[in-house]
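The values are calculated or read from the model by the stated rules, or taken from the named source; none is laboratory data. A quick note: this is a predicted structure, and the numbers were derived from the prediction, not measured. Neighbour counts run over all protein chains shown; Cβ positions are idealised from the backbone, glycine included.
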Amino acid sequence: MTTLLGLDLTGRRVLVAGGGPVAARKVAGLAADGARVVVVAPQLCEPLAERHRWGQLEWHAREVEERDVDGAWLVVTATGDRATDTTVAAWADERRVFCVAGGLSGRGSARTPATFREADLLVGVVSSDTADPGRTTAVRDALALLVRSGSVDLRARRRQPGDGRVLLVGGGPGDPGLLTVAARVALARADVVVTDRLGPVAALEDLPSDVEVIDVGKTPGNHPVPQHEIGRILVEQARRGRTVVRLKGGDPFVYGRGGEEVLACREAGVPVTVVPGVSSAFAVPAAAGIPLTHRGTVGAIHVVHGHDGWTPAALAGLRDRTHTVVVLMGVGALGALAAVALAGGVDPALPVAVVESGTLDAQRVTRARLDEVAGVAARVGVRAPAVIVLGDVAAPGLLEPGGSDDGRGDR
């Protein structure tokens with residue numbers, strides 16, 4: 001019966017007999033494990049030759065010999081010749097060195113499992129009886145899908161001093177379905193989640209009940225937890241040896257103040273990793289059926305923060321109608337933004353769309369001309385969070401056959 005044993009091959013000599021595609025696949029895994037790979041073969045296939053050029057393996061251009069097994073921690077046979085592979089496996093047995101005998105079903109003292117890596121785990125599947133690579137690969141793929149769905153609790157149970165870390169996760173525009181695989185895995189590793197109202201809060205319902213959730217949510221004009229305090233919370237929680245997920249809406253580096261939180265962690269000596277997210281600047285217009293670029297209409301995009309006002313480039317793009325301009329966090333400044341744009345020579349008839357609660361069930365699109373949008377938004381009660389799109393792509397019916405629009409989901 002075969003057992004599954006994790007081997008630490010880092011820096012240890014592994015002999016690979018053979019230089020073809022099978023050997024190349026074996027070497028790829030060994031190199032990923034940090035092994036010191038020695039290949040003995042008269043010739044190398046191109047993937048192995050490239051690794052040799054980059055100094056990732058040692059190559060002896062000849063047939064394998066018995067002395068090659070001496071000093072190896074592991075032997076892999078992949079010559080394609082059954083007699084040679086059988087002989088090398090016997091040499092390994094005589095020296096009590098484990099051997100993966102490629103192509104020799106039922107032979108060899110070790111097997112290579114079908115593996116995948118996620119977070120800091122290596123998960124492997126191996127047959128306990130006759131080798132069956134097709135079956136182990138299928139089971140491996142199913143397990144990988146399960147783990148990457150975020151439905152498996154990946155929290156560490158044993159911790160060492162200094163294990164604490166922060167994962168700065170972009171949660172996308174709000175719909176949990178737009179969380180990336182990496183974001184779901186990060187949440188599955190979390191001991192504590194520091195979140196705000198713009199993140200995909202519905203995803204938190206799937207966390208184990210003992211995961212601590214700290215709400216540092218901000219609303220327009222109300223910042224109960226200032227930014228420096230958020231940084232302090234992240235550092236303090238990580239120093240307790242916990243895995244801290246800072247779950248943010250959209251992408252943490254697109255008007256998310258993620259850079260400030262990274263600096264706070266690094267200044268405190270806390271490891272921090274950024275997991276990019278789907279930015280609401282791009283996802284919300286798409287969910288509303290608004291293409292930010294469209295052949296024959298516009299081919300450039302400019303993203304601005306509503307509180308900062310227009311940049312010269314944004315105004316020029318609107319005047320020339322060469323750019324789509326996307327405004328984040330601009331609902332409260334919509335009237336002022338429109339007035340400045342009109343005073344700057346932008347066409348009063350420029351189409352504008354305001355998308356509230358993008359990607360969620362409450363999504364609503366309000367469209368109007370530039371010179372009327374502030375009044376229309378006030379009349380229908382537009383509220384944050386919302387993404388504002390200005391430019392010809394915001395015109396109703398752009399993607400309808402013949403340019404018509406049935407108005408579904410719009411006001």
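Details
- Annotation note: of Ala336, Ala349, Ala343, the sole residue that is at pLDDT 95 or above and touching a helix residue (DSSP H, G or I) at 6+ places or on another chain (Cβ under 9 Å) is Ala336.
- Options Ala49, Ala35, Ala61: the member that is of a type outside the set (Phe, Trp, Tyr) and closer than 26 Å to Val125 by Cβ: Ala35
- Test: residue in the range 339-348 that is within 30 Å of Pro176 (Cβ to Cβ) and not assigned by TED's automatic domain parsing to the domain that holds Gly250: no
- Members of the range 213-263 found to be part of a loop (DSSP other than H, G, I, E, B), hydrophobic (A, V, I, L, M, F, W, C) and closer than 19 Å to Ala190 by Cβ, listed by number: Val216, Val225
- Single residue of the range 41-65 satisfying the filter (of a type in the set (A, V, I, L, M, F, W, C) and in a loop (DSSP other than H, G, I, E, B)) that is surrounded by the most Cβ atoms within 10 Å (Cβ to Cβ): Val64
- Condition met for Leu247 (under 21 Å from the mean Cα position of the chain (by Cα) and either surrounded by 13 or more Cβ atoms within 10 Å (Cβ to Cβ) or of a type in the set (Gly, Ala, Ser) (or both)): yes
- Of all residues in the range 332-371, those being farther than 23 Å from Arg319 by Cβ and hydrophobic (A, V, I, L, M, F, W, C) number 4.
- Only listed residue being modelled with pLDDT of 95 or more and surrounded by 14 or more Cβ atoms within 10 Å (Cβ to Cβ), chosen from Leu104, Leu74: Leu74
- Within the option set Arg148, Arg96, being of a type in the set (D, E, K, R), out of contact with any Ser or Thr (no Cβ under 6 Å at 6 or more places or on another chain) and on the phi < 0 side of the Ramachandran plot holds for one residue only, Arg148.
- Looking across the range 316-326, the residues that are buried (at least 16 other Cβ atoms within 10 Å of the Cβ), outside any loop (DSSP other than H, G, I, E, B) and not β-branched (Val, Ile, Thr) come down to Ala316, Gly317, Leu318.
- Enumeration of residues in the range 255-273 that are touching a helix residue (DSSP H, G or I) at 6+ places or on another chain (Cβ under 7 Å) and modelled with pLDDT of 95 or more: Glu260, Glu261, Ala264, Cys265, Ala268, Val270, Val272
- In the set (1) hydrophobic (A, V, I, L, M, F, W, C); (2) modelled with pLDDT of 90 or more; (3) not assigned by TED's automatic domain parsing to the domain that holds Gly18; (4) not in a helix (DSSP H, G or I), the condition left unmet by Leu145 is number (4).
- Failed item, numbered, when Ala374 is tested on (1) modelled with pLDDT under 95; (2) not in a loop (DSSP other than H, G, I, E, B): (1)
- Residues being touching a residue at least 40 places away in the same chain (Cβ under 8 Å) and either assigned by TED's automatic domain parsing to the domain that holds Thr87 or small (Gly, Ala, Ser) (or both) - total across the range 116-136: 4
- In the range 264-315, the residues that are assigned to a loop (DSSP other than H, G, I, E, B) and within 21 Å of Pro396 (Cα to Cα): Ala288, Gly289, Ile290, Pro291, Leu292, Thr293, Arg295, Gly296, Thr297, Gly299, Ala300
- So Val275, is it buried (at least 18 other Cβ atoms within 10 Å of the Cβ), out of contact with any His (no Cβ under 9 Å at 6 or more places or on another chain) and farther than 14 Å from Val325 by Cβ: yes
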